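S.K.: Starting off with a structure, shown below.
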Amino acid sequence: MSLARSAWRVVSVGRSGAVAGVHGHGAIRFAAVAAILGQSPRNRPLLGGQAVHPARHFVTTTEAELRAPIEDSTTCSTDPMGPKLLAPERAQLGDVVMLRDMKSGKRTLVGPLTEDGAIKSHAGVIAHRAIIGKGARAQILTHKSHGFMLHFPTLEDYVLFAPRTATPIYPKDAHAVMQLLDLSPDHHIVEAGTGTGSLTLHLARVVSGGSGGRILSIDLRATHTTHAENFVSRFRRGRYRDAVDFVTGDLGEVLAARYTSTSRVVDGVVLDLLNPWAYLEAVSRVVKPDGAIVVYVPNITQGIKLLDEIRVHRLPLVFDKALEVTQREWDLRPVKIKWPEMKAGGAAEDAAADVGASDADGDVGAAVLEPKAGGLSESEGDAADATRSASVDSSASGEVVPNAIATVAPAAPRTGLPTSVDWICRPVNYATGHTAFLLKLKCIAWGEA
């Protein structure tokens, strides 16, 4: 086998002395790490019939072996030693997927996918059968030949775009809750106020790592419980469903039935209730000392009432901190500038008159494109800004590809792409203001109160 025509693949050296190499069709394991260690960089021993680079711990596979799985794949597994290293993720029956309009950028959740289902919009109809079997970023056409791109929704997409029966705890707040809980995979968490199941899913994704963690989610309304069960079960084919116990009932009654009066075994509690102060005593009896209770309240008045309840009834709780989580998204995208020399002659002359400069040959483009060494004057700068602002043509595809938009800047010799482009940098124009306050309480021993 020629080393010049082979492709490198990473191998790892284990403590037992085994060398594991990744092959295009799965994992190949080799022995005798001693044959690699201590060799010079130019001395390539053969292990398992493969040539090994001793300095980098690489093995080689032929181009033919490498090409076939790569050409047939769209995504890669994150497990480097998994049996389906390059196997693409394909949409299956029952999946919830996301379609992104390739013209407007609008995103829509679709699913669960069925054999005879279809999605209808102004752009046309897409049968679920046209989606099933496709991989991420596959292009799907409606019967009107309008293009959509297939994606598998992230947790944030799923929470924001899925149908809901109540206002969800948004991802920015859910992440703050997990931070306040100091959540880890072995934690036992009680969630009071299941709602849509948004926070439930965030919590379950952390504790479902196989370390014995559990989420007990309680809600008074059976409709909320049913919706949340379906919500969790449909995300990523239900991989986090087994980590959650859904219960319908009153929080105080459920805790009394599940835990004895002296068993403080819960690592943390989240209260998203209309009257969280009514359950503080019941919760404080089951949370471990120094365990966290995170309370989600819509206004600071309720937060004060909560703290006053602790003070009046001398509950074994201490106030730790209060947070208001804000988030400001920015729009960054390359733009195509319609420079004056690209316009009709009349428009170019008008632009030159505004700037007030031209060279001896009447070339007005240089005055607009290249500022003077000392910088533009105030009037010149305003005119140039006005010319640029009036001629910005930005993409509405919803997905920014920084190297996809060319301008009149000179192209790089190797790639043919412009060496510099103009960019829009501005806050996104939609409200991302206040949603709630998060209060963190910590449990102490009853005698300390």
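S.K.: Which condition number does L315 fail, the rest of (1) within 16 Å of I444 (Cβ to Cβ); (2) assigned to a strand (DSSP E or B) being met?
M.R.: Unmet for L315, out of (1) within 16 Å of I444 (Cβ to Cβ); (2) assigned to a strand (DSSP E or B): (2).
S.K.: Still on this structure, please answer the following. Condition test on T262, is it out of contact with any Gly (no Cβ under 8 Å at 6 or more places or on another chain) and in a helix (DSSP H, G or I)? Before the answer, list the steps.
M.R.: On the way: out of contact with any Gly (no Cβ under 8 Å at 6 or more places or on another chain): yes; in a helix (DSSP H, G or I): no.
No.
S.K.: May I pose another question? Return the total of residues in segment 198-244 being in a loop (DSSP other than H, G, I, E, B) and closer than 22 Å to A257 by Cβ.
M.R.: First, the residues of segment 198-244 that are in a loop (DSSP other than H, G, I, E, B): 208-213, 220-221, 239-240.
From what is left, the residues that are closer than 22 Å to A257 by Cβ are 212-213, 220-221.
Total satisfying the criteria: 4.
S.K.: Please give the number of the condition V286 fails out of (1) surrounded by fewer than 19 Cβ atoms within 10 Å (Cβ to Cβ); (2) modelled with pLDDT under 95; (3) of a type outside the set (D, E).
M.R.: (1)
S.K.: Tally the residues that are assigned to a helix (DSSP H, G or I) and closer than 16 Å to G193 by Cα, restricting the search to segment 245-259. Break it down into steps so the answer makes sense when it comes.
M.R.: Taking segment 245-259 as the starting set, the residues that turn out to be assigned to a helix (DSSP H, G or I) are 251-258.
Next, only the ones that are closer than 16 Å to G193 by Cα stay: 251-255.
Result for segment 245-259: 5.
S.K.: Here is a follow-up. So, T196, is that one more than 18 Å from the chain's Cα centre (by Cα), of a type in the set (V, I, T) and surrounded by fewer than 18 Cβ atoms within 10 Å (Cβ to Cβ) or not? First the steps, then the outcome.
M.R.: Working: more than 18 Å from the chain's Cα centre (by Cα): yes; of a type in the set (V, I, T): yes; surrounded by fewer than 18 Cβ atoms within 10 Å (Cβ to Cβ): no.
In short, no.
S.K.: Please indicate, with yes or no, whether at least one residue in segment 237-255 is under 19 Å from E156 (Cβ atoms), buried (at least 23 other Cβ atoms within 10 Å of the Cβ) and not β-branched (V, I, T).
M.R.: no
S.K.: Ok, one more. Could you please tell me which pairs satisfy a Cβ distance under 6 Å, a separation of 6+ or placement on different chains, a first residue in segment 298-312 that is outside any helix (DSSP H, G or I), and a second residue that is of a type in the set (K, R)?
M.R.: Taking only residues 6 or more apart or on different chains, not a single pair turns up.
S.K.: Turning to a different aspect of this structure: Can you name the strands (runs of 3 or more DSSP E) wholly within segment 98-197 that have at least 3 residues being closer than 29 Å to T226 by Cα? Working first, answer last.
M.R.: Numbers: elements: 107-110, 118-121, 124-127, 139-141, 147-151, 188-192.
Result: 107-110, 118-121, 188-192.
S.K.: Here's another thing I want to ask about it. Being among the charged types (D, E, K, R) and in contact with a strand residue (DSSP E or B) (Cβ under 9 Å, 6 or more places away or on another chain) is the filter; apply it to segment 241-280 and report the residue that is farthest from R221 (Cα to Cα).
M.R.: Keep residues of segment 241-280 that are among the charged types (D, E, K, R), which gives 241-242, 245, 250, 253, 258, 264, 267, 272.
Filter once more, keeping what is in contact with a strand residue (DSSP E or B) (Cβ under 9 Å, 6 or more places away or on another chain): 245, 250, 258, 264, 267, 272.
Working: D245: 15, D250: 9, R258: 19, R264: 27, D267: 25, D272: 13 Å.
In this case the residue turns out to be R264.
S.K.: Identify the single condition in (1) among the aromatic types (F, W, Y); (2) surrounded by 23 or more Cβ atoms within 10 Å (Cβ to Cβ); (3) not assigned by TED's automatic domain parsing to the domain that holds G111 that Y170 does not satisfy, given that it satisfies every other one.
M.R.: With respect to (1) among the aromatic types (F, W, Y); (2) surrounded by 23 or more Cβ atoms within 10 Å (Cβ to Cβ); (3) not assigned by TED's automatic domain parsing to the domain that holds G111, Y170 is out only on (2).
The values are calculated or read from the model by the stated rules, or taken from the named source; none is laboratory data. Note that the structure is a prediction, hence the values are computed from the model and not measured. Heads up, the Cβs are rebuilt from the backbone with ideal geometry, glycines too, and the neighbour counts pull from every protein chain shown.
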